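S.K.: Supplied in structure tokens, the structure appears directly below.
Please treat every number below as a calculation from the coordinates, not as lab data. The shown structure was predicted, so the numbers you read here are calculated from the model rather than taken from an experiment. A quick note on method: Cβ atoms are made from the backbone with ideal geometry, for glycine too, and the neighbour counts reach across all protein chains shown.
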Amino acid sequence: MLELIRRRPEYVDGYRAYCREAYENRAVYFVPADPARIDDGWFLRTKDWYDRLEAGLVPGQPVSLHFWAVDGGRFIGEFQLRPELTEEILTGIGSVGYAVRVSEQGKGRGTALLRLGLQLARERGIARVLLNISDSNAVSAHVCEKLGGRLMDTIRAENPAEGVYWMRRYWIDL
């Protein structure tokens with residue numbers, strides 16, 4: 001059964017495999033950590049930074065809660081929740097981010113993962129989330145719309161991975 005969990009060291013190998021799949025398939029929309037940098041000490045080296053990020057203590061970064069999606073001990077993907085609506089979130093990364101490992105795509109995992117993430121946001125008292133989706137990412141747009149996403153608008157955006165592109169902004173009321 002798919003579940004969202006806090007980052008835990010016993011899933012680092014699965015996370016590394018997920019990152020490797022993303023890099024081998026040239027992920028563009030949600031690029032995870034470089035798998036070459038994930039060694040046996042990676043989790044402990046990054047734990048403090050993630051803890052500070054979740055507490056809003058990383059300068060220039062919005063509060064961001066990180067969860068890993070696992071199913072029966074297998075790493076499936078990740079989910080990020082940013083509870084504060086800043087300018088960067090409104091025009092860039094959105095208040096929700098999620099990704100499914102390449103080997104698990106096309107199996108309904110994205111829908112299940114996002115559904116769990118929306119439930120998690122609801123449980124934290126968040127009434128509305130914003131998903132910013134590249135106009136060329138039809139699969140993610142479909143998942144968002146299936147789970148109640150309402151298109152607010154499409155804006156011009158830019159990031160290092162995609163360059164200049166059109167981004168759809170969706171609200172989901174919880």
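S.K.: Positive end of the dipole of the chain, charges at C-beta (+1 Lys, Arg; -1 Asp, Glu), about the Cα centre: which of PRO32, GLY108, LEU81 has its Cα farthest in that direction?
M.R.: GLY108
S.K.: Tell me, VAL12, VAL164, VAL58 in order of fewest to most beta-carbon neighbours within 10 Å? Don't skip to the answer; put the middle values down first.
M.R.: Details: VAL12 20, VAL164 8, VAL58 15.
By the 10 Å Cβ count, ascending: VAL164, VAL58, VAL12.
S.K.: How big is the charge dipole of the chain about its Cα centre, in debye rounded to the nearest 20, if each Lys and Arg gets +1 on its Cβ and each Asp and Glu gets -1 on its Cβ?
M.R.: On the way: 24 positive and 24 negative charges, 70 e Å.
Dipole magnitude for the chain comes out near 340 debye.
S.K.: Another question, if that's okay. Mind sorting MET1, MET167, MET152 by how few other Cβ atoms lie within 10 Å of their own Cβ, fewest first? Present the calculation step by step, with values, prior to reporting the outcome.
M.R.: Details: MET1 6, MET167 21, MET152 14.
Ordered from fewest to most neighbouring Cβ atoms within 10 Å, MET1, MET167, MET152 come out as MET1, MET152, MET167.
S.K.: Okay, moving on. Report the calculated FRET efficiency for ALA161 and ARG52 (r = Cβ-Cβ distance, R0 = 22 Å), to the nearest 0.05.
M.R.: Working: r = 25 Å, r/R0 = 1.12.
For ALA161 and ARG52, the calculated efficiency is 0.35.
S.K.: For the range 33-77, what's the relative contact order in percent, using C-alpha pairs closer than 8 Å and at least 6 residues apart? Each step should come with its number before you reach the end.
M.R.: Values: 25 pairs, mean separation 8.6, N = 45.
Taking the mean separation of contacting Cα pairs over the length of the range 33-77, I get 19 percent.
S.K.: For ILE93, ILE76, what's the fewest-to-most ordering of other Cβ within 10 Å of each Cβ?
M.R.: Details: ILE93 18, ILE76 24.
Arranged by neighbour count, lowest to highest, ILE93, ILE76 become ILE93, ILE76.
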